[in-house]
1. Of everything in the range 108-122, what is free of Cβ contacts under 8 Å to residues at least 60 places away in the same chain and within 16 Å of the chain's Cα centre (by Cα)? Give them in sequence order.
2. Any residue in the range 32-50 that is crowded, with 18+ Cβ neighbours inside 10 Å, among the β-branched types (Val, Ile, Thr), touching a helix residue (DSSP H, G or I) at 6+ places or on another chain (Cβ under 9 Å) and closer than 15 Å to Val210 by Cα?
3. Select from the range 226-268 the residues that are surrounded by fewer than 23 Cβ atoms within 10 Å (Cβ to Cβ) and touching a Pro at 6+ places or on another chain (Cβ under 7 Å) and write down the one among them that is nearest to Asn11 (Cα to Cα).
4. Within the range 145-184, track down each residue that is surrounded by fewer than 18 Cβ atoms within 10 Å (Cβ to Cβ) and in a strand (DSSP E or B).
5. Among (1) in a loop (DSSP other than H, G, I, E, B); (2) more than 25 Å from Arg251 (Cα to Cα); (3) of a type outside the set (Asp, Glu), there is one condition Ala318 misses while meeting the rest; what is its number?
6. Starting from the range 7-27, take each residue that is in contact (Cβ under 8 Å) with a residue 12 or more places away in the chain and list its partners that are assigned to a loop (DSSP other than H, G, I, E, B), counting only C-beta distances under 7 angstrom and pairs at least six apart or across chains.
7. Taking the range 65-122 only, how many residues are more than 23 Å from Leu19 (Cβ to Cβ), assigned to a helix (DSSP H, G or I) and of a type outside the set (A, V, I, L, M)?
8. Could you list, ordered by first residue, the pairs with Cβ atoms under 9 Å in which the first is in the range 151-165 and at positive phi and without any contact (Cβ under 8 Å) to a residue 60 or more places away in the chain and the second is in a strand (DSSP E or B) and of a type in the set (Gly, Ala, Ser), at least 6 apart or interchain?
Amino acid sequence: MKLIKYDRKKNPSTSIDFLGLKEAQKVQAFHQSFPQYELTPLAVLDNLAKELNVSKLFVKDESYRFGLNAFKALGGSYAIGQYLAKKLNINPDELTYEKLVSPEVKEQLGELTFITATDGNHGRGVAWTAKQLKQNSVVYMPKGSSEERLNHIKNLGSNASITDVNYDDTVRLAAEHAEQNNWVLVQDTAWENYEEIPKNIMQGYITMVVEAYEQLKELDEKPTHIFIQAGVGSMAAAVQGFFADVYGEERPITVVVEPDKADCIFKTAEANDGKLHYVKGDMDTIMAGLACGEPSTLGWKILNDYADAFLSCPDSIAAQGMRVLAAPIKDDVQVISGESGAVGIGAVSEMLRRSEYANLKQQLKIDSNSKILFFSTEGDTDAEHFKKVVWDGAYSVN
């Protein structure tokens with residue numbers, strides 16, 4: 001594992017108002033209007049915390065979200081809702097699931113097609129939302145994508161397929177086809193002249209974050225550290241932005257975690273030259289949801305201004321996290337976490353158990369008083385691969 005530590009900026013220039021508590025409550029109200037909405041659990045792993053010699057470990061388990069085994073539908077549904085509110089001239093704050101699926105709205109909208117590129121979870125969320133609204137979806141996945149994840153998307157009625165190019169080129173392909181066919185591009189990465197929908201997707205994610213915040217408040221707990229994984233950085237920025245808004249200078253130490261084969265945010269932080277740095281090629285990592293080589297412009301601005309550290313991890317760290325969560329100690333709750341969801345807990349478990357990582361533990365000020373929050377953003381979305389890792393010990397730490 002490799003770590004880049006930032007000194008906390010005294011006067012951050014990037015606004016995080018759109019990710020704060022006031023906005024989060026509006027976003028949460030929108031999601032609560034869905035009949036499928038349920039609060040996802042916050043696992044409190046006291047026995048694991050004792051084993052690792054920290055005070056508390058909390059894991060927000062998103063495998064229960066909307067029956068989709070991942071959090072991503074929060075972003076896609078909210079962004080599509082906001083797009084439709086604008087199109088229908090409806091006050092976004094008054095938008096509800098019931099209104100969106102009404103015959104009147106369907107008649108006004110006619111037939112729409114939403115298109116996206118995905119490693120699996122985001123596309124499934126967009127396809128699910130389109131199906132709820134009785135609209136069409138087209139989903140492109142990068143080469144090497146899981147057939148199981150593809151079939152999950154197809155089963156929602158989407159025109160889904162796997163391309164022969166990597167994730168970032170698949171995003172470009174989706175953007176080209178959206179423009180050519182007058183489809184609506186719903187992508188969570190932002191670039192020049194494409195920021196409104198990515199911004200709304202980021203806002204959609206904060207339902208997960210405000211839930212965790214409220215659950216911690218009920219326990220009278222406040223985390224000292226947050227380990228949050230990143231692909232393009234949109235979800236990590238949503239988590240970072242919310243907690244920076246709520247806690248200000250008293251916010252937890254936030255560590256952004258990536259696969260070492262797709263660590264574009266780590267490389268951008270390492271260069272620290274005001275430019276975005278990309279990872280090219282196939283990005284062959286088991287963390288499919290994080291296999292992104294180009295940071296979101298919007299996400300990076302927030303992480304650059306507010307995050308405390310950036311961690312690049314091999315696949316073995318994510319695999320270890322999956323096994324740790326799947327085999328709880330004593331009466332700790334079991335968390336079924338996929339490759340992208342478990343990398344944070346894997347990093348911390350190795351950091352606190354292995355002497356070669358003692359310097360990382362010291363740099364991040366982790367000690368017996370630390371209370372660490374993780375977001376397990378997916379369950380076993382590729383069940384066969386989950387078994388290979390958890391049952392057969394694939395990608396074991398040497």
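The values are calculated or read from the model by the stated rules, or taken from the named source; none is laboratory data. In this text, all values refer to a predicted model and were calculated from it rather than measured experimentally. Cβ placement follows ideal geometry from the backbone for every residue including glycine, while neighbour counts extend to all protein chains displayed.
1. If the condition is that a residue be free of Cβ contacts under 8 Å to residues at least 60 places away in the same chain and within 16 Å of the chain's Cα centre (by Cα), then Thr118 is the only one that fits.
2. Within the range 32-50, one or more residues are crowded, with 18+ Cβ neighbours inside 10 Å, among the β-branched types (Val, Ile, Thr), touching a helix residue (DSSP H, G or I) at 6+ places or on another chain (Cβ under 9 Å) and closer than 15 Å to Val210 by Cα.
3. It comes out as Pro252.
4. Selection gives Asn159, Ser161, Ile162.
5. (1)
6. Filtered contacts from the range 7-27: Arg8/Asp308.
7. Of the residues in the range 65-122, 9 are more than 23 Å from Leu19 (Cβ to Cβ), assigned to a helix (DSSP H, G or I) and of a type outside the set (A, V, I, L, M).
8. Listed pairs, sorted by first residue: Gly157/Ser137.
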